[in-house]
1. Scaled to the compact-protein estimate 2.2 N^0.38 Å, what is the alpha-carbon radius of gyration of the chain, rounded to two decimal places?
2. Can you list the residues, at least 5 places off or on another chain, whose amide H is less than 5 Å from the amide H of residue 23, using H built in the peptide plane?
3. If each DSSP helix of 4+ residues adds -39,500 (n - 2.57) and the sum is divided by the residues in the chain, what number results at 222 nm, nearest 500 deg cm²/dmol?
4. What spacing in nm lies between the two simple spin-label points modelled at residue 86 and residue 199, each 7 Å away from Cα in the Cβ direction?
5. Does region 111-212 come out rounded, prolate or oblate by the C-alpha gyration tensor, with a ≥ b ≥ c the root eigenvalues, rounded set by a/c under 1.5 and, if not, prolate when a/b is larger than b/c and oblate if not?
6. Under a 1.4 angstrom probe, counting protein chains only, how are 39, 194 ranked by accessible area, largest first?
7. Assign one of three labels to region 42-126, namely rounded, prolate or oblate, based on the Cα gyration tensor with a ≥ b ≥ c the square roots of its eigenvalues; rounded applies when a/c is under 1.5, prolate when it is not and a/b is larger than b/c, and oblate otherwise.
8. If you stretched the chain out fully between residue 7 and residue 111, how much longer would it get, using 0.36 nm times the residue separation minus the C-alpha to C-alpha distance?
Amino acid sequence: MRIVQNLLELLKTAGETTPLARVVDVAGGGHEGKVNTSDLGAFNVPLTKIRPHLISMHTLALESLADHAPNVSFVHDFPGAVYTYLHRGVGGALGWVVYIVLEMMHAVLGRWLFVPIEESGERHVYLATSGRYGPRNGKRMGVTQEESQVLAGSNGEFGSGVYSVGWNCEGPAERAVVALKELRANGVKKLVWDHMTTEFDRISGAGGTKPA
């Protein structure tokens, strides 16, 4: 989010002068849920509840950025389970357990559980360039096709500028729309952005763009 915040003015300029201005956040789109507003930093959020907490914060932060840059589109996606060699570098006893379990799962159930890395790469190029994920304002849509239809955004409205999608580039999930609507109604969107910018300032000692 800090990277996007720092590049926001350049992205806005790109939204006015180039064919495409977009941010793709590869995290957990479609799995939004409850946010613990008393522990936004997730220091004590149980492991069973941390995923929806952090994912919702991602999407709400992107919505705040989109409020400040409506000519830029933002995609929050969940890539699915993609087999890489990342787990091979984990050390210690737990690392060996993770290594063995993942290797066995990939060998036995790989074709059903994992998205091939080549396919994942192709899908992310699509997310980064397709006209289905247009900005709220402006005509910098990316690559359009006759059969393409602008997707519904994270708030359920078509072409809202912020998109929460799954591994297949589709979305948003109905449960995510419902969860995010409740969070916005309770003022959590502003709480999340205020928390993030406060942390940015605390860590860097410098201010930044603060969307309303």
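The values are calculated or read from the model by the stated rules, or taken from the named source; none is laboratory data. Since the model is a prediction, treat every value here as computed from it, not as a measurement. Quick reminder, even Gly has a Cβ in these numbers, built from the backbone with ideal geometry, and neighbours come from all protein chains shown. These accessible areas exclude ligands, DNA and RNA; they are computed on the full protein's heavy atoms, side chains included. Shrake-Rupley method; radii C 1.70, N 1.55, O 1.52, S 1.80 Å.
1. My calculation over the Cα atoms of the chain gives 1.08.
2. 73, 74, 75
3. Estimated from H runs of four or more residues: -16000 deg cm²/dmol.
4. About 1.8 nm separates the two model spin labels.
5. Here region 111-212 falls in the prolate category.
6. Most to least solvent-accessible, the answer reads 194, 39.
7. Oblate, because a/c is 1.5 or more while a/b does not exceed b/c.
8. 33.6 nm
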